[in-house]
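To start, the structure itself, in structure tokens.
The values are calculated or read from the model by the stated rules, or taken from the named source; none is laboratory data. Keep in mind that this is a model prediction, so the values were computed, not measured. Cβ: placed from backbone, ideal geometry, glycine included. Neighbour counts: every protein chain shown. Accessible surface is based on the protein model in full, side chains and every heavy atom, while ligands, DNA and RNA are left aside. Shrake-Rupley method; radii C 1.70, N 1.55, O 1.52, S 1.80 Å.
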Amino acid sequence: MVYLLRRLAFGVLLLAGVVILNFLLIRLAPGDPAAVIAGEMGGASQEVLASIRERYGLDKPLLVQLGIYLSNVVRGDLGESYFFNRPVIDLILSRLGPTILLVMAAQLLAIVLGVFMGVLASLKPQGFLSGFVAVISTVGYAAPVFWTGMMLTILFASIFPILPVEGMSSARFRGGTFDYILNVARHLILPATTLGIIFLAQYARLARAAMIDVLGADYVRTARAKGVPESRVVFKHALRNAVLPILTVAGLQFGNLISGALLVETVFNWPGMGRLAFDSILRRDYPVLLGVLFFSAMMVVLANILTDLSYRLADPRINTEGRS
Amino acid sequence: MSVQETRRAIKPVSPLREAAQMFCRNRPAIFGTVLLSLIVAAVFYGTFISGADPYEIVWAPQAFPGEAENIPLGTDYMGRDILTGLLKGGGPTIAVGLSAALITVVIGISVGAMAGYFGGWADNALMRFTEFFQVLPALLFAMVLVTLFSPTLTTIAIAIGIVSWPQTARLTRAEFLRIRNLEYVTAARAVGAGNNRIIWRVILPNALPPLIVSATLTIGVAILFEAGLSFLGLGDPNTMSWGLMIGANRSYLLDAWWPVTFPGLAIFLTVLAVSLIGDGLNDAFNPKLRQR
Amino acid sequence: MAYKTNFSEGCPFVTVSQAKQKQTPGTVIEMGNIAMKFSRRLLLNSALAATILAAAPALSHAQDIEPGGSVVVVSTQAPRHLNPAVQSGIATAVPGTQIFASLLKYDENWQPQPYLAESWDVAEDGLSVTITLVEGATFHDGEPITSEDVRFSIMTVRDNHPFQTMFEPVSDVETPDERTAVIKLSKPHPALLLAMSGALLPIIPEHVYGDGQDVQVHPANSAPVGSGPFRLVEFDPGRQITLERYEDFFIEGRPYLDRIVIRIVSDPSSMVLALEAGEADILPFLTASQDIRRLESGEGLAVTNRGYEGIGAINWLAFNTNKAPLDDIRVRQAIAYAIDRDFIVNALHRGVSAPQRGPIVESNPLFNENVEAYDLDLEKATALLDEAGHAPDANGTRFTLTVDYLPGTGEQQQNIAEYLRSQLPKIGIAVEVRASPDFPTWSQRISSFDFDLTMDMVFNWGDPVIGVHRTYLSSNIREGVIWSNTQQYSNDRVDELLEEAAVENDPERRKALYDEFQTIVTDELPVYNINLIPYHTAYDERLGNMPEGIWGLMQSMDEVYWIEQP
């Protein structure tokens, strides 16, 4: 419990640091936010610029602005978007769901498929499936994710037009909840696969290594000698051994998943936070950008804490306090 | 473990030579080396020898590969030769990859070495600092840096370096923690070697093998990063690069697959080659892994 | 250049694959005075329309229309909010004109038509306009639309819209009764009627927007209470806008559609796919030639370039006329003579765009076709540069210029900038293309006069007073303001002509003033006009009554219906 509190406290500190760093970074960079806002309105005179500065508090000293921003953040107010004139928090919350859905689906796909492939590869190291695993792994590792997505788009847009390649649901869609879930699921297949492929290789490798380790171990030999079926050997003994490293990697991948989601969302027009971030960068919508940075950092921090916790739960022997 | 013990155990064979022999027996690694040599040669030709202009409109837009004699890979949406683009665009891509990896390694090793060697509060502070950089999704942070400070090859390389060093730092720290209490370090300290000397001349050389592997892999990651930024339109718009080619031709994907496919393939093969070499080095430096 | 193509000599203007006609009764073409001034294109299309209408009289019965159904519009343009009263641009205009009604509509012949205003009367002296509102019109919250709301809307637009010239001469709006508004002008303002149509004057409720909050950031901008045929159901910023039929719309039986969904898509090729797959029905503001060509041959799809006359979008090359050597008219002319407009239109744009030579688009009644065309003439260009005293150095280079372009619109902007890089060296001018990563960067450079040449896309917005004067008036050289006179062009005669034309109520005399203006600025070239931006709308051909007025989809879609539901 004390440990958890300490982790949380440190996480909050970390987030405060992230907010301060990014706030200063964005404000110190060249370019006048007021001019950006004026540009979005369709052009403006000096008087309009001055009134915009006043309205958004841009006329105050930088540190005062930072102070106001921080105290607002504490109260859950991330400011107002320059572009949409709406609370940043609303914009982000409406995009958070799709991103989490995409990231989780990709993660799940990568783990399930990766472990499956890793196990198969370890059982028959020279087999066809092993070769297949190797190929998929290298593609996942070495091919740019947006490129993989585009290749899949060509494949499923022109050659086998069976899966939607754009958006999260059909614009025309009207129907019940269940139909809607199906509709979203169909739209999810390509983006999640594209994002999942990057991480597939890692899980396959981990599973394979764990398997090879375990299959040579004495107790497995004993189990086999006793006539325990092979499938039981694999799933009961070997896989359990692979759970911890996979869990760790999965937790630590969270930041990378968000980075990857950013590209995948762009390719498949997935209405998530990544696209919001990208659009905000192009529009110089700094409040939204700050908000997205804050939220993604928060998600990473949370994922790390959860990983730590589940790690401790999975293996009580680990003394986290004593970790260096 | 590893190199140091190997050195003592098997006297007659130098560890480097042994590693080299291991590497040469590793077929994927050899394949990677050959592949990378070919790519580097082609890019070298494109950058320094060929006088072709990748921006020049040479033929009808979106000519199919081989449609005309001199355009084996076809043309892009403006009628620019894709092969020329590949040859010219590889330079910036690889240059950014290399310099970003260099920046990563320099920052990563410095921070990691300090933390691992001195330990205590220095370690604590430095590792907290590192964690700070790890909570921001790297690509997102790099995007922000690049946009705020205008996209040039230099800012892109720096941005990628800034977001990627934490892993190297952690690895370096772990190696330093492991080595700093080994006999020969204690011995060096006993004969009066200063901290500086011990860090750079005694520990670092022995920590190098995994760091070399990690640096190699970082090159691949940095190339992918550059491609991602360019694809999003945040690359240096005045420099032809593979990522830029993909990003620029993206809107025309449905009409012409080749202007997108070939640069992507080029990135894929380069990163693949680099990572095969990295894996090969890893196996060569860690003979224990041979059994796996 | 090894590249040759046989482009047909055919008229590039008519690209209406499926000529569709309005089914509302009434005169289709008034071959009057005004029609005589119309461009070749309008005459041609109108003639075509007349023939088809004559051939298919059965279609023109409103009784045949079966209401219902929904339409999905896809666009890459994300609106900031949905209130066109304080926001210009097409992104807000398309949903904005569905949600808010304007006083007038403008038909394809540039004639004002009644909409929320049942009738209007311009006083003899041109200093007041009396508007009578239709009876029984209500806002989406059920409150009646009164002359007070008209007054409030005009004043709001006058004081907040970036196009300040639209209602600048309005000194007051009197409201003698609920349905009558009298607009008082400080000087004659012939552009006024046009400024009351399309997205330029949405009638917004005073009881919502007049609550004292700053209208620029009013919360109701994103959750509007409208006056138009469709009411807002959901606005998901940057993603989707859902509109539904307003049951008590002031035109009986309209709108025909139940629902309009506007889906924002980041990537043009996704939009094309969505349309082909039947996931979307209307794709407006298409400019990429390969998309237009692809969709033209698409099964069950129609593609038209109608409905963009009002915005009159021009693609041009602007010169910094305050910076040597571009301060010399001869240098600007030399560059113009060195550019092959035919190559741009026919090869780079594959014939989908039309040449544009002067500052006013051809479909506008004020268009003057007798301006210098600057047909490709490299010898003349070279001679002009020699005369201006720019001798080539050993490498044949006289001087180097940079060219900027608006990011994000490849075919219209970047491609032409790239073309200049390979074309202008032929007359000894080296060109560096300076790319901007995003719009704010470009806009910052241009509006602070930090450029030599820049590509740009600028809209006429119907009346020159709204969209053309801003580029040429010397009083509009305003640092920091994009799409003002960033060329810093200054000519006393031009200032005089524009000021006179702005208050000239007589159409003939007004046209004469603009004719002279067009000749002068085409000779002096603060901007070199290249082409009409080939905006096209692709849509499911089962849709009837697609808006064909000068504002296209930036005017109400209340008449659109499904001939046959998908």
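Here are some notes:
- In the stretch C:231-253, the residue that is nearest to residue C:202 (Cα to Cα) out of those that are more than 10 Å from every other protein chain (Cβ to nearest Cβ) and basic (Lys, Arg) is C:231.
- Any hit, the stretch C:541-563, residues being open to solvent by 20 Å² or more (accessible area, probe 1.4 Å) and free of Cβ contacts under 8 Å to residues at least 12 places away in the same chain: no
To keep it simple, each residue is scored yes or no on (1) within 20 Å of the chain's Cα centre (by Cα); (2) under 19 Å from residue C:341 (Cα atoms); (3) away from every other protein chain (no Cβ under 14 Å).
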residue	(1), (2), (3)
C:415	no, yes, no
C:420	no, yes, no
C:431	no, yes, no
C:451	no, no, yes
C:463	yes, no, yes
C:472	yes, no, yes
C:480	no, no, no
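- Test: residue in the stretch A:158-177 that is open to solvent by 40 Å² or more (accessible area, probe 1.4 Å) and closer than 30 Å to residue A:230 by Cα: no
- Subset of the stretch C:114-137 [part of a strand (DSSP E or B) and touching a residue at least 12 places away in the same chain (Cβ under 8 Å)]: C:114, C:117, C:118, C:119, C:120, C:122, C:128, C:129, C:130, C:131, C:132, C:133
- Qualifying helices (runs of 4 or more DSSP H) (wholly inside the stretch B:1-91; at least 1 residues being at pLDDT below 80 and within 20 Å of the chain's Cα centre (by Cα)): B:15-25, B:27-44
- Among residues of the stretch C:270-298, those that are of a type in the set (D, E, K, R), closer than 18 Å to residue A:169 by Cα and part of a helix (DSSP H, G or I), counted: 1
- Any hit, the stretch A:272-281, residues being within 15 Å of residue A:95 (Cα to Cα), outside any helix (DSSP H, G or I) and not hydroxyl-bearing (Ser, Thr, Tyr): yes
- Filter result for the condition that a residue is surrounded by fewer than 18 Cβ atoms within 10 Å (Cβ to Cβ) and out of contact with any strand residue (DSSP E or B) (no Cβ under 9 Å at 6 or more places or on another chain), over B:194, B:161: B:194
- For the stretch C:484-493, the criterion of a residue being in contact with an Asp or Glu (Cβ under 6 Å, 6 or more places away or on another chain) and not β-branched (Val, Ile, Thr) is satisfied by no position.
- Extreme residue, modelled with the lowest pLDDT, among residues of the stretch C:433-449 that are away from chain B (no Cβ under 14 Å) and surrounded by fewer than 20 Cβ atoms within 10 Å (Cβ to Cβ): C:448
- Within the stretch C:104-122, being open to solvent by less than 30 Å² (accessible area, probe 1.4 Å) and more than 19 Å from the chain's Cα centre (by Cα) holds for C:115, C:116, C:117.
- Test for residue A:313: is it assigned to a helix (DSSP H, G or I), modelled with pLDDT under 85 and surrounded by 18 or more Cβ atoms within 10 Å (Cβ to Cβ): no
- Going through (1) part of a helix (DSSP H, G or I); (2) over 16 Å from the mean Cα position of the chain (by Cα) one by one, residue B:99 falls short only on (2).
- Unique match (being surrounded by 13 or more Cβ atoms within 10 Å (Cβ to Cβ), on the phi < 0 side of the Ramachandran plot and within 14 Å of chain C (Cβ to nearest Cβ)) among A:195, A:244, A:190: A:190
- Out of B:230, B:251, one residue alone is part of a helix (DSSP H, G or I), open to solvent by 30 Å² or more (accessible area, probe 1.4 Å) and within 14 Å of chain C (Cβ to nearest Cβ). It is B:251.
- Residue ranges of helices (runs of 4 or more DSSP H) in the stretch A:3-116 with at least 1 members at pLDDT below 80 and within 13 Å of chain C (Cβ to nearest Cβ): A:33-41, A:46-55
- In the stretch B:177-197 there is no residue that is assigned to a helix (DSSP H, G or I), modelled with pLDDT of 85 or more and of a type in the set (Phe, Trp, Tyr).
- Selection of the stretch C:168-186 for residues being under 15 Å from residue C:119 (Cα atoms), part of a loop (DSSP other than H, G, I, E, B) and open to solvent by less than 80 Å² (accessible area, probe 1.4 Å) yields only C:179.
- Search result, residues across the stretch A:144-195 that are part of a loop (DSSP other than H, G, I, E, B) and of a type in the set (Gly, Ala, Ser): A:167, A:169, A:170, A:171, A:175, A:176
- Being modelled with pLDDT under 85 and in a helix (DSSP H, G or I) holds for only one residue in B:205, B:259, and it is B:205.
- Going through (1) surrounded by 24 or more Cβ atoms within 10 Å (Cβ to Cβ); (2) out of contact with any Phe, Trp or Tyr (no Cβ under 9 Å at 6 or more places or on another chain) one by one, residue B:96 falls short only on (2).
- Residue in the stretch C:258-269 that is in a helix (DSSP H, G or I), of a type in the set (Ser, Thr, Tyr) and under 26 Å from the mean Cα position of the chain (by Cα) present: yes
- Test: residue in the stretch C:211-230 that is without any contact (Cβ under 8 Å) to a residue 60 or more places away in the chain, more than 14 Å from chain A (Cβ to nearest Cβ) and farther than 22 Å from residue C:67 by Cβ: yes
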